[in-house]
Structures are given as structure tokens and as C-alpha cells.
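Contents: one structure, followed by commentary.
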Amino acid sequence: MATATKGADLRGRRPEARLPGPKPVERKVGRDRAKPDTSTYEGRFAARLDELSKAAGFTPPALAERLGLSEQVVYDWLAGRKMPAVGRFPVLAKLFKLKHPGDILPPK
């Protein structure tokens with residue numbers, strides 16, 4: 001009956017001989033986060049949202065907390081990767097003290 005030696009798995013290979021997995025994605029947060037691509041509508045919306053949140057004094061984590069969302073969702077909005085649902089526009093408008101929910105949208 002063969003026994004496995006210390007430092008080797010059941011196939012006889014050493015753990016360091018395994019292929020490396022995918023590299024982790026490095027996310028930039030806070031002041032180091034990437035600027036959105038303003039050539040797309042999502043990017044222009046992200047820039048507008050960033051402008052409004054800075055003017056109101058909200059950091060992304062504080063904005064996420066006030067909206068009851070995860071920080072990752074807000075960072076996705078600010079990076080232009082995702083857009084909030086239209087139903088969130090009135091809540092955002094009220095939070096930023098805008099008269100109309102449509103004022104959140106970037107100019108055309």
C-alpha cells in the first residue's frame with residue numbers, strides 16, 4: 001500500500017508544480033479609481049454622477065450607504081460599467097437636491 005509523501009498531492013505532483021490560476025483583477029478605489037470613458041453615454045452619466053456626489057459631499061461608500069446598496073454597485077456606476085435603474089433616479093435627485101429626476105442625466 002503506497003502512502004502519499006509530505007508536500008505532494010495524491011497524483012504525485014508537488015503543489016508548486018500546479019498551473020497558476022487567473023490573476024486577480026486589481027480594482028482602483030477612492031481617489032485612484034479610473035476615470036470613466038466619456039465617449040459613451042454610460043461614461044458621461046458616470047462623470048455627471050461623480051460631479052453631483054462631490055458637490056453634495058458624498059464619498060462612494062457614503063453614497064452606497066445612503067442608497068442602501070453595496071459599495072461595488074456605486075463604484076460600477078462611477079466607472080461607467082453600469083447604470084442605475086430608472087426607478088432610482090427620483091431617489092438620487094432627492095439626495096442631490098435636484099428639482100427633477102431628469103437633471104441627473106448628462107447633457108446630450
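Every read-out reported here was derived from the displayed coordinates using simple, explicitly stated rules and does not represent laboratory data. Owing to the predicted nature of the structure, the values given are computational and were not obtained by experimental measurement. Glycine gets a Cβ as well: all are built from the backbone with ideal geometry, and neighbour counts include every protein chain shown.
For the listed peptides 59-65, 38-44, a ranking on the average number of other beta carbons within 10 Å per residue, highest first, reads 59-65, 38-44. With the simple spin-label model, which puts each label point 7 Å out from Cα in the Cβ direction, the Lys108 to Arg66 separation comes to 2.9 nm. For segment 41-50, putting each phi into the Karplus relation 6.51 cos²θ - 1.76 cosθ + 1.60 with θ = phi - 60° gives couplings of 4, 4, x, 5, 5, 4, 5, 5, 5, 4 Hz, in residue order, rounded to whole numbers and with x for Gly and Pro. Full extension of the chain between His100 and Thr38 gives 20.0 nm of extra length, using 0.36 nm per residue less the Cα-Cα distance.
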